Structures are given as C-alpha cells and as structure tokens.
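To keep things clear, I will list the structure first and then write my remarks on it.
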Amino acid sequence: MERNIAIVAGGDSSEIVISLKSAEGIYSFIDKEKYNLYIAIVKKGEWAVQLPNGEHTPIDKNDFSFRENGKVKHFDFAYITIHGTPGEDGRLQGYFDMIGLPYSSCGMLVSAITFNKFVCSKFLHNFGVKIAKSIRLFKGQSITNEDAIAQLGLPIFVKPNDGGSSFGVTKVKEASALQPAIERAFIEGKEVLLESFISGTEVTCGCYKVGNFGQQRKEVVFPITEVVTKNEFFDFNAKYNGQVQEITPARISPELTEKIQSETSRIYDLLGAKGLIRIDYIIPADGEPYLLEINTTPGMTATSFIPQQVRAAGLDIKDVMTDIIENEF
C-alpha cells in the first residue's frame, strides 16, 4: 500500500515565500510511484491540504488528517519544508511527536537549538567549533554604538537571532547605521544578534545520515559549494534573485574540503541531527573554517544548494528522498 506523504510548507514568518517554492521542489523530487504526495500548508489561521484539483481542504489538528472525496485520509509521514517558525524551531516537531507522525527533520530539541543562532554557536563552541564573537539582544534591551564596536569592531553583522533567508540582516560598516539595523532586525524576530565580521571564502556543505549508529548506518556528506557574490554579503537578492555564483565543488584544496566535510559530519553527530541539514562556513586567510549557520530545513528548489550538491556527488535526488522517508519506518 502506498504511503501518504505530506510536504509541509508555509509558516508564520517572512520566509513563507521560500517555503512554498521548496515544497514544489520536493514534490518534484519524491518518487510518485512509491508515495502519494500532498502539499500541506501550515500557517496562522490556515492548516489545509492542497488537493490534486487545486482546492484546499482543512486539516484536522487532532491527528493531521484530512478529507478527500468524502473519505478521511491519514498521513504516514511529513516532509517538513517550513523555513522559520513553526517548522524550523521545533514547534511543529513537538506536535508531530505528540500525535505520533514520523517526519523528515531534526527533532524538537535539536531544531530549537539550531534555530537560535546564539545558543547553537555557544553550544558547539564547547566542542571546539570556531565561531565569530557575538552579542545577543532581547526585545527591550539596547547597546550603545561605542560598546558594540569596542567588543566586535567594524563591520558588524546585525541579524534576527531567530530567523533566516537574510530577512532583516544588515552589514553595518559605520556607527551611525547600527541602531537602525538593530530596529530592522527586531521587526523580523524577538531577539537580535550582533556578530563580528570575518573576511573570507563562504562555503556550504550538506549532509544526511540514516539508520542507527554502528555498521548499518549510511552517512552521506555532499561536495562543498562555494558562494561568490558581489553584494555586501549573501543577502536575499544573492540567494533568490541570481546575484551570486554557486560553484560546486568549491575551489578549495582537497585538505580543506576534507576538513569541512569532516566537521560537518561531526557537528551532525554532536547535535544528534536527523534528515538533511546544511552547514554554512566562512574560511578566513588562515584556512580555519568558522561556523556561520546550521540549516535543518534547507531550501529545496531545483537550484538550491542541496540539489546542486546531490548532482555533483553523482547521486539521484529521488534516492536521497527515499532514504529520508524510509528511515522512519
């Protein structure tokens, strides 16, 4: 009997537009001969399944079921592709745990940790992962330009601590721009992160592992992508409007490639991650990579980093999707 798969998209943040594009990508990647696919939209005021005829039918939040042609249907698995809350911060994972529905991504705790950039970087720093200097501000807190610059220097990256897709991110190069940047970041989140600028080569590396620890575990670390943009940083226009070069495999030495792939695999295990993740790094002149960010629900359009890396590895994205799904059964 074919399993019913929910591709869960939407969310309650500015990233909803990216999530919906990822859902289309995942729909095209999953083997339709093995699975019945539905896109489920989860956002404030609307939990609904998109039916093949284009109509939307409500989701019963008691068990995430829906009706099609007058019959109740249940999902066997949820592929979460919400970027931002509630699908990347652990909230949806906690709900699926409570109703017993298997899902694709990291669990509730790991998702919550990785979504909070400050908490995640401090946690991994305890294990020797290199991170930039940073300051966290909660709503209602403030910092003077002088204190921030004394601690972090210039430029300073100002970003929501609990958001992604470069919404609300500013590269501050002079003191007068700092407070407006903090205000802008607070529009997107309840916490703001001020981070010291590190000059270098930006790269990203995807990874997934299926099975239990031990000999039967399948571990896949993808080729690394180098990110080159003439913009001030890898901002929204670079990510989604083509103002970037994405070079896979990255133009770095075999030794540095192995180091970053090994670190990606190590971080995956330190966190107890699950499903596909992508880790972003910056490589300064001394060749020691610094962690930038961990994405536990990475973008999955046809041109996103993970599909690029799957192709560069000589793998079939359909097989990767099947691995992720079947790992839960």
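Each residue of the range 265-282 is assigned a 3J(HN,Hα), and the resulting list reads 5, 5, 5, 3, 6, 4, 7, x, 5, 8, x, 7, 10, 9, 10, 9, 9, 10 Hz, derived from the Karplus form 6.51 cos²θ - 1.76 cosθ + 1.60 (θ = phi - 60°), x at Gly and Pro. Computed over neighbours whose Cβ is under 11 Å from that of Phe29, the net charge equals -2, Lys and Arg +1, Asp and Glu -1.
Our coupling estimate for the range 293-310, obtained by passing each phi through the Karplus curve with A = 6.51, B = -1.76, C = 1.60 and θ = phi - 60°, is 6, 10, 10, 8, 10, x, x, 9, 6, 4, 9, 5, 4, 4, x, 4, 5, 4 Hz, Gly and Pro reported as x.
Applying the Karplus relation 6.51 cos²θ - 1.76 cosθ + 1.60 with θ = phi - 60° to the range 174-190 yields 3J(HN,Hα) values of 9, 4, 5, 8, 5, 5, x, 5, 5, 4, 5, 5, 5, 5, 8, x, 8 Hz, where x marks Gly and Pro. Would you mind telling me the share, in percent, of accessible area of the range 78-192 contributed by carbon and sulfur at probe 1.4 angstrom? Answer for the range 78-192 is 56 percent, counting heavy atoms of protein chains only. Placing a label point 7 Å from the Cα of Asn53 along the Cα-to-Cβ line, no residue of the range 1-23 has its backbone N under 20 Å from it. Between Glu326 and Asn62, the contour length at 0.36 nm per residue exceeds the Cα-Cα span by 92.6 nm. Search the structure for amide H atoms under 5 Å from the amide H of Trp47, placed 1.01 Å from N in the peptide plane, and list their residues when 5 or more places away or on another chain. HN-HN under 5 Å from Trp47: Ile59. Excluding the sites themselves, what is the longest stretch of the chain that contains no GluC sites (Glu not before Pro) in a DSSP loop with at most 16 other C-beta atoms within 10 Å? Of all site-free stretches, the longest is 56-173. Neighbours of Pro289, meaning other residues whose beta-carbon lies under 11 angstrom from its beta-carbon, give a summed charge of -3 when Lys and Arg score +1 and Asp and Glu score -1.
All other residues with a Cβ under 9 Å from the Cβ of Ala112 taken together, and with Lys, Arg as +1 and Asp, Glu as -1, what is their net charge? Cβ neighbours under 9 Å give a net charge of 0. Amide H contacts of Lys73 (H built 1.01 Å from N, in plane; Pro and chain starts excluded): Phe66, Arg67, Glu68 sit under 5 Å, all sequence-distant by 5 or more or on other chains.
A 1.4 Å probe run over the range 1-111, with the rest of the protein chains in place, finds 46 Å² accessible per residue.
The values are calculated or read from the model by the stated rules, or taken from the named source; none is laboratory data. Computed from a prediction, not measured in an experiment: that's the story for all the values here. Virtual Cβ from ideal backbone geometry, glycine too; neighbours counted across all protein chains shown. All accessible areas refer to the heavy atoms of the entire protein, side chains included, with ligands and DNA or RNA removed. Shrake-Rupley method; radii C 1.70, N 1.55, O 1.52, S 1.80 Å.
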